[in-house]
Amino acid sequence: MLRACRRVLKKDAPLAFFVVAVADGLSARQIERGIEAGPPHADAGPGYGPLLREAGFSGIELVDVTDEYADTLAKSIQVRESEANQLVDLIGEDMFTESQARRRSELDAVHSGILQRHLVSAVRP
Amino acid sequence: MVNESWDLIDEFDARYRIAGESVVRHIEVNTTGSDYGASSYTTRDQADRLASLLALAPGRTLLDVGSGAGWPGIYLARTTGCDVFLTDLPPEGLRQAHRRMVDEKVRGVVVAAAGAELPLCDEALDAATSSDVLC
């Protein structure tokens, strides 16, 4: 995907995106927990710096926005809980319970330092 | 792997189908500030940060990969005046994005395409973004 973006961008064009990924320097077990708890494709392998360099980008910067991610996730759990009756009517009790458990597990992984969210920016040279 | 990808597309499509329900919209507005049926964690403040980082303005073209129902791509086009090129795979998300683009009189295109196979010419666009979809 990064290579495709590089191809279609003009010279000196910026790329900026938000991404949730498993943190660096974790044990195999923690990585597995991060992959299970995180959104799809949370395992970024070598990380976005190397991936962007490999895809031909320069001026790479990563800003940690994990605190905002945790706030948004916590708010999502709280607001869903407050609307539980209507949500259960819409999606059913099993799916509501499962989705709330999934969000809590994701938030636990964030608080444990396993999942992080970054604002990544780079330039197509 | 192919089946997993289709399962994921189906899962997101199901989310977009209920995104217009008032309770779901209420949750989204009170969580991220978006009302586009977004599935990412990008808040309104963060979307505004993207507009600045990407120097979006009238006459410039933005690519939003994995755009879903249009958050933040359409929002960025509306608030900055840029043109937007949205790509994703779940059909319901793309339908909603197209409807929203027309409603908001935003200049742009919605295309069903995987992020790795963008149906665009080389060196065609001025900026690119995505929210919680890149791998």
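Some points to look at:
- FRET E, pair residue B:21, residue A:53, Förster distance 41 Å, beta-carbon r, rounded to 0.05: 0.45
- Peptide ranges A:72-78, B:21-27, A:2-8 listed from the most packed, as the mean C-beta count within 10 angstrom indicates: A:2-8, A:72-78, B:21-27
- The stretch B:78-96 and the stretch A:1-53 have Cα centres separated by 22 Å.
- Helix axis angle, A:28-37 relative to chain A longest principal axis, alpha carbon, degrees: 70 degrees
- Degrees, to the nearest 10: A:93-111 long Cα axis against longest axis of chain A: 50 degrees
- Close amide H contacts of residue B:127 (hydrogens built in the peptide plane, cut-off under 5 Å, sequence separation of 5 or more or a different chain): B:61, B:63.
- The protein assembly as shown, dipole about Cα centre (Lys/Arg Cβ +1, Asp/Glu Cβ -1), debye to the nearest 20: 880 debye
- The GNM of chain B, with springs linking C-alpha atoms under 10 angstrom apart, assigns the highest mean-square fluctuation among B:97, B:57, B:69 to B:57.
- Note on the stretch B:1-71 and the stretch B:99-117: Cα centroid distance 12 Å, given to the nearest whole angstrom.
- Close amide H contacts of residue B:21 (hydrogens built in the peptide plane, cut-off under 5 Å, sequence separation of 5 or more or a different chain): none are found.
- J(HN,Hα) series, the stretch B:44-53, from Karplus relation 6.51 cos²θ - 1.76 cosθ + 1.60, nearest Hz, glycine and proline x: 4, 4, 5, 4, 5, 5, 4, 4, 6, 4
- Among A:25, A:40, A:55 - extreme Cα towards positive end, dipole of the stretch A:11-69, charges at beta-carbon: A:55
- The mean count of C-beta atoms from other chains within 10 Å of the C-beta of residues in B:8-20, rounded to a whole number, is 1.
- Cα gyration tensor category, rounded, prolate or oblate, for chain B with a/c compared to 1.5: oblate
- Among A:65, A:110, A:22, residue whose mean-square fluctuation peaks in a GNM of chain A (springs only between Cα atoms under 10 Å): A:65
- Residue-averaged beta-carbon neighbours from other chains (10 angstrom radius) around B:67-77: 0
- Karplus-based coupling profile of the stretch B:76-86, in residue order and whole Hz: 5, 5, 5, 7, 10, x, 6, 8, 10, 10, 9, with θ = phi - 60° in 6.51 cos²θ - 1.76 cosθ + 1.60 and x standing for Gly or Pro.
- Reachable aspartates and glutamates from residue B:105, criterion Cα separation under 19 angstrom, eight or more residues apart if same chain: B:35, B:64, B:83
- Overall form of the protein assembly as shown per C-alpha gyration tensor (a/c, 1.5; a/b vs b/c): oblate
- Average other protein chain Cβ within 10 Å of Cβ, residues B:35-43: 4
Bear in mind that the values in this text are calculations on the coordinates, not laboratory data. Keep in mind it's a predicted model, so treat the numbers as computed, not measured. Neighbour counts are summed over all protein chains in view; Cβ atoms, including those assigned to glycine, are modelled from backbone coordinates with ideal geometry.
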